[in-house]
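**Student:** This is the structure I want to talk about, given as structure tokens.
The values are calculated or read from the model by the stated rules, or taken from the named source; none is laboratory data. Computed from a predicted structure; not experimentally measured. Cβ coordinates were reconstructed from backbone atoms using ideal geometry, including for glycine residues, and neighbour counts include every protein chain displayed.
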Amino acid sequence: MRASARVSLRSRLLRAMIARGKNTAPIAATVAAAAAAEIDGRPEPLPTPFAVRGLRVSRTRIGDTTVVVLRPDGTPPTSAVLYLHGGGYIEDASIGTWQLVARLATKLGAEVWVPAYRLAPRSTAQTTVAAMVEIYRALGERWDPARATVAGDSAGGGLALATVQAAVAAGERAPALLGLFAPWVDLTMSDPAEQDTESDAMLDSGRLAESAAAYAGTLPRTDPRVSPLFGRMDGLPETWIITGGDDVLVHQSRRLRDALAQAGVPVTYLEDPGMIHVHVMLPVPEGKRSLGRFLRAASARAGASPVSDTDEPERLVMAGLAPRTGRRPASLVHPQERNCAMVSQWHASFISGGSPARPGDPASYFRREFAVAEGLRRATLLVTALGIVEPYLNGVRVGDEVLAPGWTSYRHRINVSSHDVTDLIAAGENAVGAIVGEGWAVGRLGWEDRRVHYADRPALFLQLELEYGDRTEVIGTGPEFRVGTGAVRANGIYDGETYDAPLEPEGWSSAGFDDSDWASAEPIEWNLEALEVGIAPPIRRIDELAPVEILTSPSGKTIVDVGQNISGWVRITLTGEAGWTITLRHAEALTPDGELEPESNRRADATDRYTLRGGAEETWEPRFTFHGFRYVEVDGWPGELSVDAVRAVVVHSEMTRTGWFETSDPLVTKLHANAVWSMRDNFVGIPTDCPQRDERMGWTGDINAFAPTATFLYDVRGVLGSWLQDLAVEQAERGYVPWVVPDILSTPSSPTALWSDVAVSLPWAMYQEYGDLDILRGSYDSMTAFIRQVEDLLDESGLWSSGFQFGDWLDPDAPADNPAGGKTDRHLVASAYLCKTTREMAETAGLLGKAEDAAHFAALADRVRRAFRREYVTESGRVVNESTTAYALAIAFGILDEDQNAKAGDRLAELVAKGGYKISTGFAGTPLVTDALSSTGHLDEAYLLLMEKECPSFLYPVTMGATTIWERWDSILPDGTLNATGMTSLNHYALGAVADWLHRIVGGLQRMEPGYRRIRIAPQPGGGLTSAHVAHDTVHGRAEVDWRIEDGEMFLDVTIPEGTSAEVVLPLHPAGVVEQAAPGSHSWRYALPEQPERPEYSMDTPLKTLADDPQVWRAITEVFQTHFPGIPLDGTAPGAAGMSLNVMLQYIPGAPPTLADEFRRALTLEGAR
């Protein structure tokens, strides 16, 4: 199991249980028992009654085989399924098999045939496959094969494949779909990885080998009837393979996937990390999700009854009620039935305090007592809320999650947390409870001051499952719960939390508490199909920071500086009188004179208040809010505030760090660190724009611009995978991709480039990083819906020329009150991005084997590219608008021909030089401009752009003390004042997307194939940097590059992970050496070529010659801008190219007398540096 894989608690528990019961004995006893159970030489199938409830069950004989037929009760079936059970060919269908086939019948409205085929060794592959082909032929006489699915698990999966192969070879029509769940398709077991099954929770190599021999009989194990992996794949129908990453047979599934794809068979391959053999039968969320996808595909392909996206789970069977003295009865479930049910079988409802919430209302406290008998084996608490929930059991806070359940598209998907609470429960009286605050569901969200976007009151959902040896009792939220209030008073995401400690009811979550003055909880209606366990990584306390300084402002205020702009809160420890209140106000910055600057919070109050209980030392931190801040103004502290009394708590989604970078220049290293911090601070449940003001929403444009950087720095499959699901369901519901996800905007979102097209580009970026086609499969419908929608909006020439666009958002030259009003035509930006996304869409369709779609989208990509070139590009490569962003897009998106690209690169370099190497791009152009320069031979200009320190530039915020990436290039002005535009944040990661270029070009670590199976190591030193180090934990392992220049020599150290290979371009090597590197560590050391002597420049050198030297021209333009700010100096203009500095000075009236000396200094090597 990969360390980065997220595996649900239920999966881990079941894995441990199954492993304890693993059968490693020889198969003789199993074979003998099966033979003894046969009637007339045939197995007699006995479906478990509870598993097939609600279905009509009958038996029929086809040839010498009994077939169990299941049909929906009361409605005629609309399709058919032939299902072949597993069991190593030596065991009958299991309870899990019957539950699974019942689900197929119910969900698809299908007639399901389950043959009780004779088992090995009494029947071998030769006779078994022939018998199954006969049954398939009989099914085809009753049902059109176009409305039929053939499926099977484990050995049954192999048999299903062999059956369809043999039937097609015999001239039978193929079914509509083939479903293989953890199929055993190679009984040679020749893969060394399959020999060691000691760590496998279910399978044993010895039993597998014996079973294989028994089933093969006299046939060689490579015979396709025995091992269908060696059979013909052509002519097979669309095939789904679902397997677990920790199944010892997973390698067979991968080889089968590749063989099918090579034969041109459409194949969907789902490999769930950390899952064991045939996990689709287990009551785990991972299996539910993958099986649900298969069910929807089967519904679509075979014309079955539609299956909803949420895929309603089966319900637990109620085995009875057991009265308890003084307690309402808990639900009882037979353990055999419970273990076969999905985790989302709910015996609870949402409950609330009964009245709508008003601003400033206290949080709701819920509780219930219950009795526990002796013999409890396991207790699991499943909990979520409409709001923010903090669960308790017997006086103990459960788990270490915070801000649960996070923010999702609540009407479609609500995350349920699962906790093993066995150790918190004892025989006798117990109590369970929870505090629920407003959170995202009820409280204020957005700048429009709107509340109750999802619910009008906080509500709790809780299910406590108590597993005994002979039953499972379920305690679920309902009217038995009592509700009151406590110390958590006003609470909101934006405005903060008020906690009045004397009001906390002592012992409220323990047994024996008197809740007689509390009210009965009231159920509220909510679609429980939206509840899913573990759909997103939890939000946790990730780090703690001690204050770096405690300041006293000029007005006498006490201000704590934690040294870093973070998302989270502060924890305080103090003693004082009861009733004394401490007030904590949070902000990102100070004013120039040292007072707290709350301007960037906008209308978020960001204030916490704590009223002391009095007496002993008290420690408190808020739990129902979070803030974006570096500074905290502390009011009302009793006595002198010490550093030890305050800790800043860093809070964000749990993610594994996967990327690191540093250089010899501390400012560049700090720039990268700021990007990392901004990502951390803006991944609190969802990818947000900022963590501090009255917004904090999942803006699509921000994460789209930053996606390549995000996937490098952290494993984001959990956070962004969940977010993409929210995007897809809201897109499907609304008919468009919302600009923010989850969508709480009051107006519809029209399709826009860089924002809406995140539906295409984010899955594509994640596929490039992880090499997992399932990412594309999961988003395919969303991707195609967006592209087809925009396709309908194109004008007759193929341009996206109408409708609202954000354009190059926050171009530094855009008016402060119109961030979309930058230099670059908005529809040029839109059409350029459409060139990119249509190409990504065409490649996605091709990768997924959707040939018709691939051809269509390829033609569309060609059409929009031709339209862009016709409208915006001259034959020589000039791009209209003549803006940096316009050229960067045309180059980076491959819109231009090779000759045009060179011309465009030259012109881009001229524009950057003309701008004094300061930033002139916004969200659309910034992630691409350095790439566009370095890819067209202008590495020096790219480095000059990177290393510039004057505003606006990459390093200007660093020089101003920034610890995160700013929303605007001038969020803090040179005089230290906050740029009060009404939209100024000091914590926006989008403009930190240059980090991707740092990783690939400066560090030199580049991906050549999706998932880093092929790597290119090609650092391109420059900018005066003498070293760089980059490391990345790919899906294959650590890739690392470390280069440094010392005493005229280059030292290069490289690490290549197992399962990959690399091309290494030795940086600055005099012979331009390129080497191939295998996995492992490699080092090179060589002398660098001598640098050519720098030309001598004078005041009479033509401006064009000076402009051709980027470093010198940067120094010249800096001097010019110092005296004539805002006036461009273009040394390549026809009227200026032949002019010298001496001549130019003659045309500058009133030129300062020092200007000539400053120009002379700029012409020197030291001045240019």
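**Student:** Do we have any residue at all in the range 28-44 that's modelled with pLDDT under 75 and under 21 Å from Ala151 (Cβ atoms)?
**Tutor:** Yes; the residues of the range 28-44 include at least one that is modelled with pLDDT under 75 and under 21 Å from Ala151 (Cβ atoms).
**Student:** Separate question: Does at least one position in the range 243-264 carry a residue that is touching a residue at least 60 places away in the same chain (Cβ under 8 Å), over 29 Å from the mean Cα position of the chain (by Cα) and not in a helix (DSSP H, G or I)?
**Tutor:** Scanning the range 243-264, I find at least one residue that is touching a residue at least 60 places away in the same chain (Cβ under 8 Å), over 29 Å from the mean Cα position of the chain (by Cα) and not in a helix (DSSP H, G or I), so the answer is yes.
A quick yes/no check of all residues on (1) in contact with a Pro (Cβ under 7 Å, 6 or more places away or on another chain); (2) crowded, with 24+ Cβ neighbours inside 10 Å; (3) within 22 Å of Pro356 (Cα to Cα):
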residue: Ser417; (1), (2), (3): yes, no, no
residue: Leu424; (1), (2), (3): no, no, no
residue: Ala427; (1), (2), (3): no, no, no
residue: Gly437; (1), (2), (3): yes, yes, yes
residue: Val452; (1), (2), (3): no, no, yes
residue: Phe461; (1), (2), (3): no, yes, yes
residue: Gly478; (1), (2), (3): yes, no, yes
residue: Thr485; (1), (2), (3): yes, no, yes
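**Student:** Go through the residues of the range 1039-1049 one by one and say whether even a single one is in contact (Cβ under 8 Å) with a residue 60 or more places away in the chain, among the charged types (D, E, K, R) and either more than 19 Å from Leu944 (Cβ to Cβ) or assigned by TED's automatic domain parsing to the domain that holds Ser935 (or both). Walk me through how you get there before you give the answer.
**Tutor:** Initial filter on the range 1039-1049 (in contact (Cβ under 8 Å) with a residue 60 or more places away in the chain): 1044.
Next, only the ones that are among the charged types (D, E, K, R) stay: 1044.
Add one more test, that the residue is either more than 19 Å from Leu944 (Cβ to Cβ) or assigned by TED's automatic domain parsing to the domain that holds Ser935 (or both), and what stays is 1044.
Yes: the range 1039-1049 contains one or more residues that are in contact (Cβ under 8 Å) with a residue 60 or more places away in the chain, among the charged types (D, E, K, R) and either more than 19 Å from Leu944 (Cβ to Cβ) or assigned by TED's automatic domain parsing to the domain that holds Ser935 (or both).
**Student:** Quick one: which of Glu210, Glu172 is in a helix (DSSP H, G or I), among the acidic types (Asp, Glu) and assigned by TED's automatic domain parsing to the domain that holds Ala151?
**Tutor:** On the way: Glu172 fails: in a helix (DSSP H, G or I).
After ruling out the rest, the residue left standing is Glu210.
**Student:** Further question on the same structure: In the range 552-563, what residues are surrounded by fewer than 18 Cβ atoms within 10 Å (Cβ to Cβ) and more than 34 Å from the chain's Cα centre (by Cα)?
**Tutor:** Thr552, Ser553, Pro554, Ser555, Gly556, Lys557, Thr558, listed by residue number.
**Student:** Could I ask something else about it? When you scan the range 533-550, how many residues do you find that are of a type outside the set (Lys, Arg) and crowded, with 16+ Cβ neighbours inside 10 Å?
**Tutor:** Going through the range 533-550 one residue at a time, the tally reaches 11.
**Student:** Still on this model: For the list (1) buried (at least 18 other Cβ atoms within 10 Å of the Cβ); (2) under 18 Å from Leu991 (Cα atoms); (3) charged (D, E, K, R), I need the number of the one condition that Asp813 fails.
**Tutor:** (1)
**Student:** Among the residues in the range 116-123, are any at pLDDT 95 or above, farther than 20 Å from His277 by Cβ and either in a helix (DSSP H, G or I) or not acidic (Asp, Glu) (or both)?
**Tutor:** Within the range 116-123, not a single residue is at pLDDT 95 or above, farther than 20 Å from His277 by Cβ and either in a helix (DSSP H, G or I) or not acidic (Asp, Glu) (or both).
**Student:** May I pose another question? Going residue by residue through the range 367-377, is there one that turns out to be surrounded by 21 or more Cβ atoms within 10 Å (Cβ to Cβ) and of a type outside the set (D, E, K, R)?
**Tutor:** No.
**Student:** Could I ask something else about it? Any idea which of (1) under 30 Å from Asp665 (Cβ atoms); (2) surrounded by 11 or more Cβ atoms within 10 Å (Cβ to Cβ); (3) out of contact with any strand residue (DSSP E or B) (no Cβ under 7 Å at 6 or more places or on another chain) is the one Gly1126 doesn't satisfy?
**Tutor:** (2)
**Student:** Which of (1) of a type in the set (Lys, Arg); (2) touching a Pro at 6+ places or on another chain (Cβ under 7 Å); (3) assigned to a loop (DSSP other than H, G, I, E, B) is the odd one out, the single condition Arg1094 does not satisfy?
**Tutor:** (2)
**Student:** Let me ask something additional. When the residues of the range 894-942 are filtered to those that are free of Cβ contacts under 8 Å to residues at least 24 places away in the same chain and not in a loop (DSSP other than H, G, I, E, B), which remaining residue is surrounded by the fewest Cβ atoms within 10 Å (Cβ to Cβ)?
**Tutor:** Residue satisfying both the conditions and the ranking: Glu898.
Yes/no matrix, rows are residues, columns are (1) hydroxyl-bearing (Ser, Thr, Tyr); (2) under 30 Å from Tyr631 (Cβ atoms):
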| site | (1), (2) |
| --- | --- |
| Trp969 | no, yes |
| Asn987 | no, yes |
| Leu1005 | no, no |
| Pro1021 | no, no |
| Gly1024 | no, no |
| Ser1027 | yes, no |
| Val1035 | no, no |
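**Student:** If I filter the range 778-789 for residues that are outside any loop (DSSP other than H, G, I, E, B), at pLDDT below 95, within 18 Å of the chain's Cα centre (by Cα) and surrounded by fewer than 23 Cβ atoms within 10 Å (Cβ to Cβ), do I get at least one hit?
**Tutor:** Within the range 778-789 (the criterion being outside any loop (DSSP other than H, G, I, E, B), at pLDDT below 95, within 18 Å of the chain's Cα centre (by Cα) and surrounded by fewer than 23 Cβ atoms within 10 Å (Cβ to Cβ)), the answer is yes, since at least one residue qualifies.
**Student:** Moving on to the next point. Return the residue satisfying two criteria in turn: it lies in the range 755-777 and is among the polar types (S, T, N, Q) and surrounded by 20 or more Cβ atoms within 10 Å (Cβ to Cβ), and of such residues it is nearest to Gly1037 (Cα to Cα).
**Tutor:** Ser761
**Student:** If you don't mind, there's one more thing I want to ask. Please determine whether any residue of the range 93-106 is more than 18 Å from Leu180 (Cα to Cα) and within 43 Å of the chain's Cα centre (by Cα).
**Tutor:** Yes; the residues of the range 93-106 include at least one that is more than 18 Å from Leu180 (Cα to Cα) and within 43 Å of the chain's Cα centre (by Cα).
**Student:** While we're on this one: I'd like to verify a number: residues in the range 125-154 that are buried (at least 20 other Cβ atoms within 10 Å of the Cβ) and outside any helix (DSSP H, G or I), how many?
**Tutor:** Selection size over the range 125-154: 8.
**Student:** Arg870 - would you say it is more than 18 Å from Lys823 (Cα to Cα), surrounded by fewer than 19 Cβ atoms within 10 Å (Cβ to Cβ), touching a residue at least 60 places away in the same chain (Cβ under 8 Å) and touching a Gly at 6+ places or on another chain (Cβ under 8 Å)?
**Tutor:** Considered against the rule, which asks whether it is more than 18 Å from Lys823 (Cα to Cα), surrounded by fewer than 19 Cβ atoms within 10 Å (Cβ to Cβ), touching a residue at least 60 places away in the same chain (Cβ under 8 Å) and touching a Gly at 6+ places or on another chain (Cβ under 8 Å), Arg870 comes out as no.
**Student:** What single numbered condition from (1) farther than 20 Å from Thr984 by Cα; (2) in contact with a Cys (Cβ under 9 Å, 6 or more places away or on another chain); (3) not hydrophobic (A, V, I, L, M, F, W, C) fails to hold for Ser600?
**Tutor:** For Ser600, the failing item is (1).
**Student:** Regarding Glu271, is this residue assigned by TED's automatic domain parsing to the domain that holds Ser94, under 24 Å from His412 (Cβ atoms), charged (D, E, K, R) and at pLDDT 60 or above?
**Tutor:** It is false that Glu271 is assigned by TED's automatic domain parsing to the domain that holds Ser94, under 24 Å from His412 (Cβ atoms), charged (D, E, K, R) and at pLDDT 60 or above.
**Student:** Among the polar types (S, T, N, Q), touching a residue at least 40 places away in the same chain (Cβ under 8 Å) and over 22 Å from Val994 (Cβ atoms), is that true of Ser831?
**Tutor:** Details: among the polar types (S, T, N, Q): yes; touching a residue at least 40 places away in the same chain (Cβ under 8 Å): yes; over 22 Å from Val994 (Cβ atoms): yes.
Judged against the criteria, Ser831 is a match.
**Student:** Would you check if Ala645 is under 30 Å from Gly437 (Cα atoms) and surrounded by fewer than 16 Cβ atoms within 10 Å (Cβ to Cβ)?
**Tutor:** Working: under 30 Å from Gly437 (Cα atoms): yes; surrounded by fewer than 16 Cβ atoms within 10 Å (Cβ to Cβ): no.
So Ala645 does not fit the description; no.
**Student:** Hey, any hits in the range 564-580 for a residue that's over 29 Å from the mean Cα position of the chain (by Cα), crowded, with 18+ Cβ neighbours inside 10 Å, assigned to a strand (DSSP E or B) and touching a residue at least 24 places away in the same chain (Cβ under 8 Å)?
**Tutor:** Yes: one or more hits.
**Student:** Still on this structure: Can you tell me which residue among Arg613, Arg571 is among the basic types (Lys, Arg), in contact with a Ser or Thr (Cβ under 8 Å, 6 or more places away or on another chain) and not assigned by TED's automatic domain parsing to the domain that holds Trp407?
**Tutor:** Going through Arg613, Arg571 in turn, just one is among the basic types (Lys, Arg), in contact with a Ser or Thr (Cβ under 8 Å, 6 or more places away or on another chain) and not assigned by TED's automatic domain parsing to the domain that holds Trp407: Arg571.
**Student:** Would you check if there is a residue in the range 1062-1079 being part of a strand (DSSP E or B), free of Cβ contacts under 8 Å to residues at least 12 places away in the same chain and either in the same structural domain as Pro952 (by TED's automatic domain parsing) or not polar (S, T, N, Q) (or both)?
**Tutor:** Yes, the conditions are met somewhere in the range 1062-1079.
**Student:** Determine which member of the set Asp702, Asp694, Asp665, Asp681 is at pLDDT 95 or above, over 30 Å from Ala820 (Cβ atoms), in the same structural domain as Pro927 (by TED's automatic domain parsing) and of a type in the set (Asp, Glu).
**Tutor:** Asp665
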